[in-house]
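The values are calculated or read from the model by the stated rules, or taken from the named source; none is laboratory data. Everything quoted here is computed from the prediction, not taken from an experiment. When we count neighbours, we look across all protein chains shown, and the Cβ atoms used for this are built from the backbone with ideal geometry, even at glycine.
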Amino acid sequence: MTSVGEAEFREEVRVALAGFAPRRESVDDDAVADDRVSVVAERSEGEAEELAELKRYRAHLAHHGLAWVDGPAAFGGRELTPRHTALLRELEADYVLPDDGYLRFSISTLSPTLLAHGSPQQQADLLPPLRTAELIACQLYSEPGAGSDLAGLSTRAERVDGGWRINGQKVWSSGAHFSDLGLCIARTDPSVPKHAGLTTFLVDMHAPGVDVRPIRQLTGGASFDEVFLTDVFVPDDRRVGEVDAGWSVVVTSLLNERSAIGREVGVDDTLVERLVDLARTARQPLDERTRDAVADVVVRAWAARLTTDRFLEAGTPGPELALTKLLTTDLLAQISDIAADILETSHVADSGEWGTYAWSELTLGLPGLRIGGGTDEILKNAVGERVLQLPKDAR
C-alpha cells in the first residue's frame, strides 16, 4: 500500500478538482438557488447531458490517479486507505461537480463484488471501465412475485451452447435505462432449496430480449425501472462465481450496497443544516418539543456518521452494516416529520415561497428508500439474527 500523507493528498485533490470545476460559493439570493430537498435523485430531463459530463469528470479523475483511490493498482487503483477515499469525497463537496448517483451501484456495489467473486478476466475487463464510467451497471435482483424474499425469485437461467438463456422479470432496478451491464440473479436448479440453486450473471443491457420500462414515482421522477428478460443469451464467461452458488455473491453485493446507502445516500451535513435553517426562520416560534426534535437530529446524525465510519474502518463489510441503512432511513423520516410540522400547509401546497414545498420531495421519496437495499423489517431481522445472535424469526 502506497504511503501518502493526508495533507499531501488534500493538496493533490484540490489541484485536480480545481482543474475541472469551480468551487461552490454561498448563495446570498435564495431566489436563484435550487431549493429541492431530496435524497433519491429523480431525473426527468437532461439525463444524457448529465451522464456525459459525469463521464468526462471520471476520465479527469482517472488522469490524475483518483478514479479508485483505495483500489488495486492492477485495475487503475492507488492502493491508498479508505480514509483517503473519504477525504476525496469530502473535498468534492466543495466544488461544482456532476452528480455521481448514476455510478453508485457500479462503484460502491459491483466493483467490490467483482473483486470478491469475479474471475481474473472479468476483473481485468470490467473494473477499470466501471470506475471511469465507460461502463455503467445496475442491479437485477428484485422481482414482483418475491417481495422481500429475494431467494424466492422465479427468473430462470438454462444452459445452452456457449452460455445461458435467461427468462424472467425484475423490478425496482435503479438506472437500468441508462446502464450497460446488469448484475442478475437467476434460478439454475429448481430441484434444491431456494438459496442453493441460484447463479449470478452479468447481463448486457443492450442485448436482444432485454426490455426496460421506467416506473414513475410519487415524486414525479422515474429513476427506477422494471426489466423484462426474454430468451436473453449470456455467455458463460459472464457468469459471476460458481453455478448454483450465486447466493454468496448476492450477500456480498447487498452488504456493500447497504454500506453505500448509509455512507453516501444518507444524512449529510447539508441536509441537517437545511433543517436547522428551516427551524430558525420559521414564521411561528417553535414549541419546546420541536426544538428538542431538531437538536436530537443534529446529535443523532453526528452519531450515525461516526458509527458508519467505525464499521467501514473494520475492513470487509459484515452484517452489522445493515445498521447504517437503518440509521439513515430512521433519521430521514425524523427530518421529514419535523419539516412537515414546521411548514404545516406549505409542506403540501406550493405557494412559490423558497424552501417550503420543496421539502415534499424528501417526504415522497422516503418510502422508496426504505424499501431499496432491503426493507427496514428485513434489515432488523438481519441485525437480530446475524449480529445479536437472537433466535431466528419464524419462516
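Here is a yes/no grid of residues against (1) surrounded by fewer than 18 Cβ atoms within 10 Å (Cβ to Cβ); (2) farther than 24 Å from Val276 by Cβ:
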| site | (1), (2) |
| --- | --- |
| Trp302 | yes, no |
| Leu323 | no, yes |
| Ala339 | no, no |
| Glu344 | yes, no |
| Pro367 | yes, yes |
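I'd like to check something: does the stretch 154-163 contain any residue that is under 28 Å from Gln217 (Cα atoms) and part of a loop (DSSP other than H, G, I, E, B)?
yes
Determine the pairs where a residue that is among the charged types (D, E, K, R), located within the stretch 253-276, has a partner that is at pLDDT below 80 and outside any helix (DSSP H, G or I) with Cβ atoms under 6 Å apart, the partner being 6 or more residues away or on another chain.
Glu257/Gly373; Arg258/Gly373
If we only count helices (runs of 4 or more DSSP H) wholly inside the stretch 283-395, which ones have 2 or more residues that are of a type in the set (Val, Ile, Thr), in contact with a helix residue (DSSP H, G or I) (Cβ under 9 Å, 6 or more places away or on another chain) and in contact (Cβ under 8 Å) with a residue 24 or more places away in the chain?
288-313, 322-343
Check Pro128, Pro120 and return the single one that is in the same structural domain as Glu25 (by TED's automatic domain parsing), crowded, with 17+ Cβ neighbours inside 10 Å and farther than 25 Å from Asp211 by Cα. Walk me through how you get there before you give the answer.
Details: Pro120 fails: crowded, with 17+ Cβ neighbours inside 10 Å.
One residue alone meets the criteria, Pro128.
Identify, please: which residue in the stretch 257-282 is under 17 Å from the mean Cα position of the chain (by Cα) and either modelled with pLDDT of 80 or more or not in a helix (DSSP H, G or I) (or both) and is, among those, surrounded by the fewest Cβ atoms within 10 Å (Cβ to Cβ)? Let's see the steps before the verdict.
Here is the first cut: in the stretch 257-282, the ones under 17 Å from the mean Cα position of the chain (by Cα) are 257-268.
Then drop every residue that is not either modelled with pLDDT of 80 or more or not in a helix (DSSP H, G or I) (or both), which leaves 266-268.
Numbers: Gly266: 22, Val267: 24, Asp268: 14.
Only one residue tops the list, namely Asp268.
Please go through the stretch 142-168 and give me each residue that is under 23 Å from Phe178 (Cα atoms) and at pLDDT 95 or above, ordered by number.
Thr155, Arg165, Ile166, Asn167, Gly168
Against the definition (out of contact with any His (no Cβ under 7 Å at 6 or more places or on another chain), at negative phi and loosely packed, with under 15 Cβ neighbours inside 10 Å), how does Ala207 come out, yes or no?
yes
Which one is nearest to Arg213 (Cα to Cα) among residues in the stretch 156-181 that are surrounded by fewer than 21 Cβ atoms within 10 Å (Cβ to Cβ) and among the β-branched types (Val, Ile, Thr)?
Within the stretch 156-181, the match that is nearest to Arg213 (Cα to Cα) is Val171.
If Ala207 satisfies every condition in (1) among the aliphatic types (A, V, I, L, M); (2) assigned to a loop (DSSP other than H, G, I, E, B); (3) at pLDDT 85 or above; (4) assigned by TED's automatic domain parsing to the domain that holds Trp354 but one, which is the exception?
With (1) among the aliphatic types (A, V, I, L, M); (2) assigned to a loop (DSSP other than H, G, I, E, B); (3) at pLDDT 85 or above; (4) assigned by TED's automatic domain parsing to the domain that holds Trp354 applied to Ala207, the lone miss is (4).
What's the number of the condition Gly168 fails, among (1) on the phi > 0 side of the Ramachandran plot; (2) assigned to a helix (DSSP H, G or I); (3) of a type outside the set (A, V, I, L, M)?
For Gly168, the exception is condition (2).
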